[in-house]
Amino acid sequence: MKIDLIALGKTGEKYLKIGIAEYTKRLQHFKPAVNYQEIPVPSKIYSWKEKAKILEAEAALILKNCSDGDRLTLLDEKGDLFNSIQFAAYFSKILLSSHRKWILVIGGPYGFSPDVYKRADDTISLSALTFSHQMVRLFALEQLYRVQTIIHNQSYHHE
């Protein structure tokens with residue numbers, strides 16, 4: 001199985017780019033490796049005043065990257081909450097599934113359209129707190145790294 005972590009738009013802050021690069025590098029030591037990618041969003045989309053129109057344009061970008069055999073998981077503040085051990089168990093279960101690819105998506109500033117929610121297999125939340133969609137990129141990569149160290153019994157995670 002392949003794992004893709006997709007974020008809409010470019011990462012803006014230098015410190016986030018450094019952190020993202022670090023955890024992307026760390027994740028390459030595990031199988032399956034996590035492929036982090038940023039999908040460019042035309043800037044004109046965010047100049048639109050209508051939230052629904054923005055979500056529709058973002059949905060087209062997200063769904064274009066999903067095939068029928070892929071598992072789509074949305075990172076969403078309304079999703080299921082896990083602690084790190086529970087997330088590791090969830091991760092392991094997904095890896096044993098019959099999906100060709102597991103796609104985790106970080107949405108834009110307005111979340112996801114109804115069409116994306118409809119296509120999604122599940123939604124998870126990284127926290128009950130609200131984070132910017134820019135910060136979530138780094139947090140998601142760190143959590144995927146943490147899960148891999150738990151599964152492989154490495155000393156990164158402490159209970």
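Quick check on region 102-118: of everything there that is over 18 Å from Ile45 (Cβ atoms) and surrounded by fewer than 16 Cβ atoms within 10 Å (Cβ to Cβ), which residue is farthest from the chain's Cα centre (by Cα)?
Here is the first cut: in region 102-118, the residues over 18 Å from Ile45 (Cβ atoms) are 102-104, 117-118.
Imposing the further condition that a residue be surrounded by fewer than 16 Cβ atoms within 10 Å (Cβ to Cβ) reduces the set to 117-118.
Values: Tyr117: 14, Lys118: 17 Å.
In this case the residue turns out to be Lys118.
Every condition in (1) part of a helix (DSSP H, G or I); (2) closer than 20 Å to Gly19 by Cβ; (3) without any contact (Cβ under 8 Å) to a residue 60 or more places away in the chain holds for Thr130 except the one numbered (1). For Lys64, indicate whether it is over 18 Å from Asp4 (Cβ atoms) and either among the basic types (Lys, Arg) or crowded, with 19+ Cβ neighbours inside 10 Å (or both). Answer is no for this residue. Screening Ser97 on (1) under 19 Å from Met1 (Cα atoms); (2) of a type in the set (S, T, N, Q); (3) touching a His at 6+ places or on another chain (Cβ under 7 Å) shows it passes everything except condition (3). Checked against (1) at pLDDT below 95; (2) within 16 Å of the chain's Cα centre (by Cα), Leu75 passes all but condition (1). If you go through region 13-54 and pick out every residue that is within 17 Å of the chain's Cα centre (by Cα) and more than 29 Å from Ser97 (Cα to Cα), you end up with 5.
Table: residues versus (1) of a type in the set (Gly, Ala, Ser); (2) closer than 15 Å to Leu144 by Cα.
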position: Lys10; (1), (2): no, no
position: Glu13; (1), (2): no, no
position: Leu63; (1), (2): no, no
position: Ser67; (1), (2): yes, no
position: Tyr90; (1), (2): no, yes
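In this structure, is Gln143 over 14 Å from the mean Cα position of the chain (by Cα), polar (S, T, N, Q), part of a helix (DSSP H, G or I) and under 26 Å from Leu16 (Cβ atoms)? Full working, then the answer.
On the way: over 14 Å from the mean Cα position of the chain (by Cα): no; polar (S, T, N, Q): yes; part of a helix (DSSP H, G or I): yes; under 26 Å from Leu16 (Cβ atoms): yes.
No; evaluated as a whole, the condition is false for this residue.
The values are calculated or read from the model by the stated rules, or taken from the named source; none is laboratory data. Note that this is a predicted model, so its numbers are computed, not measured. Every residue, glycine among them, receives a Cβ derived from its backbone with ideal geometry; neighbour counts consider all protein chains shown.
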